[in-house]
Every structure is written in structure tokens, then in C-alpha cells.
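Accompanying notes for the structure given below.
Where a number appears in this text, it was derived from the coordinates with a stated rule and is not lab data. No experiment lies behind these values; they were computed from the predicted model shown. Here the Cβ positions follow ideal geometry from the backbone for every residue, glycine too, while neighbour counts run over all protein chains shown.
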Amino acid sequence: MRHDTLFMRTATLVATLTAVDFAIAETLHVPADHTTIQSCIDAAVSGQDECVVAPGTYNETIDFLGKAITLRSSDGPEATIIDATGLNDSVITFKSGEGLDSVVEGFTITGGTGGHHPNTHHGGGIYISHASPTIIDNIITKNHLGEDTEGYNGGGIYLNHSNALITNNTIEKNVALGGGGIWMSFSAPTIEDNLILHNIADDSGGGIGISYSTGLISRNLIAGNRAGMLDGGAIGMGVSSPRLISNAIIGNTSGIFGGALLIAAASAPTIEGCTIVGNMSDYNFISIFQDSSANFANSIIVFNSSRKEIVSIDRPEFAHCDGHGNNVGQCFVCSAFPAGSGGNISNDPLFVRNPSDGGDGWGDDPATTDVDEGANDDFGDLRLQLGSPCIDAGDPDFEPLPGETDLGGRARVSCGRVDMGAYERVQNCRPRTDAVNRTPQSRHLESTSD
Ligand SMILES: [Ca+2]
Ligand SMILES: [Ca+2]
Ligand SMILES: [Ca+2]
């Protein structure tokens, strides 16, 4: 009897260990195994299974339910569409403490109107609160937060208390009150290698709206976004200090302040290796105020414009930047840009091709419903031509992170010294003949008097 008991215990223990050690991760197929995406997530075992979705259009909304699983398409975002049209909610929701091992990969995410609060809608495409999932390789487009609600942020993606990873997505033509493309509050996400295009914020932050947040925003193309009535065409921030690294910020507009950037309410971002070109607003295209500061380094800030004079703003710091061709006298950068000191210059950067709005402005003007003025926007080719004054003109002491690349995916530093702007030019690294016999000190003096 005693022997039997011991045997049974041992058998139970072995069975338990076997179940744990040899659990087979299952790939669940939609619609073959589960007719809807949500029913697949309902069935999936957290930390173990994945849901793979076949091409098609799925009219549903998704909640990850806290599960550490990968939800991916078999054939990529163009062929696999989650459309929440008519369902009056966010398309995908993370609100149960999900971490980076909860993954959405390879979908078109559209038709969302946000949800989750009685009178306010947030997160048309993806709603993330107190969770930090991975959002990769999706097209998040034409999500439009309801206009009859009291407040609504994050047309494409809404982040609240989140350290999410958002990478390799196209976030395009979403509409919200704040943060047309992305909204973040109390968050520190990583937003890398995305196209953030033609989103509209009726209020602030056409591309990205940032509130009480930090985080890393790097290697994104942020272009043609619009903050209609207020400010921050590309990015609007308050009480925030994110790092903006190697982004191209092109052709964004706002109704009042900061066609490119609004930096307000004790914000203190760093802007490094960025190319900021062709942005437009009524007042200064980079607006910095309410005890805010901004450190610009190794960046190109050219051909931007503002229609009216400056109002009160705080002074940014510039080091090794090119400020050139900005609309004269009507913006901070053009009137007070410190060319000739701190490694700053004022020269045409010689882009391969300058951006052009096609003659009818950047982005779709909502006032004209019959024509999309954004359709002819050309965001140019902002790589540097041979002979550009921005080549090897960045901070000589700049050290890239291991594996860090420029916006085009090349090494961030070529020829021993970083270039200004988002794109590094790779070329033959011959020593300049005029510099051969100079000491480092004399070269330094020359560079500061450019
Ligand atoms: Ca246009
Ligand atoms: Ca229009
Ligand atoms: Ca270089």
C-alpha cells in the first residue's frame, strides 16, 4: 500500500514534469482552426502559442487579454486587414499588463474609432494602457476618433503608462484631437523606423502628441502631418523630454505654433541627427516656451517657414547644426540661429532632391473635401550630395551606439566623423589635402569659424 502510494506520487510528478517540459508550442490558424482572430486569442496559451492569420478582411475588434502571444499574418499587411468599421471601438486593445512578448505583426489596422471611456475615445487603431506590447510591421491607417466625444487622443495608436516597442510600421491618415498618428502620456516607448505620414490632429501633435513622457523616437520619417487648429504639426509635447534621433521631419503644418515642433510646459527634449525641412506654421515653426528648453545637435534645419512674427519663446541650444533658407525674420531659427559659432553653419545642405508640396500645400486640407492636396506631396530625397557642407560636419566627438544606423540603415558614422542630418553619406574617406599639416587644435578653430 505504502509502495503504491509512493509509486503513484512519482508517476504524478513525472507526468507533471513532462507536461511542463515538453509542452509543444502550437501554431493556431485563422480561419482554419478558429473562425475569428479573437477566438484564436481566447484559445491560445500565454507564453506558448501563436495565432497566424490567413489573407482576408476581418471585421472585428481584438483584445489581447494579457496574453504573451504573437498575433501575425501569414502574408503581410497588404493582404491581411483588421477593419473595425461599424464596431465603434479601438481595433486592437492592450489593457491587461501585456509586455513586449505580446506581439502584433503584419496587419492593416483600420476603421477604429477608439473606446474604453464613457465620454472620451482614445486609440483608434491600437489602444494601449498600462501595457507594453510590440507593434511591428503593420499599416495603421484611416482610424478616425469620434467627433461627438469630449476628448480623444491617438488616432493611430494611444499609449498610456507604456514602454511599448513600435517599429517598422506605416502610420498614415489617422485623425484625432491630440496625436493624429500616435499619442503618449506617462510613457517611455521606443518608436523606431516608422513612416508617420499625413495624420491630422484637430488640436495638437499632428504626427505625435507627447504628454508627461520620455522615450526614444528614432529613424522615423514624419511627414505631411497637420495640427489643424493649434500646434505641433509633426510633434507637439508638454512636460516631456524624449530623445529624437535621426528622424526626418518634412512638410508638416500647424494652424498656430510649431509647424515642425511644439516644445511646451517645461519640456526638455534632445534633437540629434535630425533633418527638419519644409515645415510651416503661422508662428515660429519650432516653438519653445513655458520654461522649456531644447538641445539640437548634428541636425539640418532648412527651408522651413512661418507666416507671422515670433511670440515669446525660450531659446534652444544648437551645436553642429545647419540652419539655412528658413523664412526670414518670422521664426526663431532664422532670426537668431547662431551660424559661425558652436560648429553651426548656414549653407544649402545640397540634398539629392528637395521636398515639394506640389504647389497646393502639405497634406490634405480638410476644408476641401473633393480634393486630396496630400496626394502630390513629394518628401524629396534628403541624402547629401557629394560636396554637401553637412558631410563630416557633425560633432567630432560624437560616438554612435553599437550598431547604430542612420535613417537609411547605413552606419551612423562614415569617414570617422558624423554628418549633420538624418542621413550619413558613405564615400571614399580620403584625407583632405588642405588639412594634412594642421594640428587638431587649428582644425577645431577653423571649424568653429565656418
Ligand atoms: Ca500637396
Ligand atoms: Ca482636401
Ligand atoms: Ca561622415
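Where Lys and Arg each count +1 and Asp and Glu each count -1, what net charge lies around Pro355 among other residues with Cβ under 13 Å from its Cβ? Don't skip to the answer; put the middle values down first.
Values: positive: Arg353, Arg383; negative: Asp357, Asp377, Asp378, Asp381.
With Lys, Arg at +1 and Asp, Glu at -1, the neighbours total -2.
Beyond 20 Å, how much of the Cα-Cα pair distribution for the range 215-300 remains, as a whole percent? Don't skip to the answer; put the middle values down first.
Working: 827 of 3655 pairs.
Tail fraction, whole percent: 23.
Quick check on packing: order 318-324, 74-80, 368-374, 190-196 by the mean number of other C-beta atoms within 10 Å, highest mean leading.
Numbers: 318-324: 25.4, 74-80: 16.4, 368-374: 12.9, 190-196: 22.9.
Result, highest mean first: 318-324, 190-196, 74-80, 368-374.
Kindly rank 88-100, 152-164, 291-303 from highest to lowest mean number of other beta carbons found within 10 Å of each residue. Don't jump to the answer; show the numbers that get you there.
Numbers: 88-100: 20.9, 152-164: 28.8, 291-303: 23.0.
The most tightly packed comes first, giving 152-164, 291-303, 88-100.
Taking every pair of alpha-carbon atoms in the range 368-435, give the share separated by more than 15 Å as a whole percent.
Values: 1362 of 2278 pairs.
Counting every Cα pair in the range 368-435, those more than 15 Å apart make up 60 percent.
List the lysines whose Cα lies under 20 Å from the Cα of Lys142, skipping any in the same chain that are fewer than 8 positions away.
Qualifying lysines at Cα under 20 Å: Lys173.
What Kirkwood hydrodynamic radius do you get for the range 333-393 when you take the inverse of the mean 1/r over all pairs of distinct Cα atoms, in Å?
Values: mean 1/r = 0.0706 Å⁻¹.
This gives a value of 14.2 Å.
Lys and Arg at +1, Asp and Glu at -1: add these up for the other residues within a Cβ distance under 14 Å of His29 and post the number. Please list the in-between numbers first.
Working: positive: Arg72; negative: Glu26, Asp33, Asp49, Glu50, Asp75.
The answer is -4.
Please list log₁₀ I(q)/I(0) at q = 0.18, 0.19, 0.20, 0.27 Å⁻¹ for the range 226-265, using the Debye equation with identical point scatterers on the alpha-carbon positions.
Each listed q maps to, in turn, -0.45, -0.50, -0.55, -0.87.
Compute the orientation-averaged projected area for the range 139-217 from the convex hull of its Cα atoms and round it to one decimal in nm².
On the way: hull surface 17.6 nm².
That works out to 4.4 nm².
Between Arg410 and Leu216, what is 0.36 nm times their sequence separation minus the Cα-Cα distance? Round to one decimal in nm. Don't jump to the answer; show the numbers that get you there.
Working: separation 194, 0.36 × 194 = 69.84 nm, distance 1.92 nm.
Using 0.36 nm per residue and subtracting the Cα-Cα distance, I get 67.9 nm.
What is the sum of charges, Lys and Arg at +1 and Asp and Glu at -1, for the other residues whose Cβ falls under 14 Å from the Cβ of Thr110?
Details: positive: Lys142, Lys173; negative: Glu60, Glu78, Asp83, Asp89, Glu172.
Combined, the nearby Lys, Arg, Asp and Glu give -3.
For a quick protection proxy, order the peptides 213-223, 399-409, 269-279 by their average other-Cβ count within 10 Å, most packed first.
Values: 213-223: 24.1, 399-409: 13.5, 269-279: 27.1.
In decreasing order of mean packing, 213-223, 399-409, 269-279 become 269-279, 213-223, 399-409.
In straight Cα distance, which lysines are under 17 Å from Lys67, not counting same-chain residues fewer than 8 positions off?
Straight-distance partners of Lys67: Lys95.
Above 21 Å lies some portion of the pair distances; for the range 50-144, what is it as a whole percent of all C-alpha pairs? Before the final figure, lay out the partial values.
Details: 1088 of 4465 pairs.
Of all Cα-Cα pairs in the range 50-144, 24 percent lie more than 21 Å apart.
Using 0.36 nm times the number of residues separating Val45 and Thr120, minus their current alpha carbon distance, what extension gain do you get? Working shown, then result.
Values: separation 75, 0.36 × 75 = 27.00 nm, distance 3.27 nm.
Using 0.36 nm per residue and subtracting the Cα-Cα distance, I get 23.7 nm.
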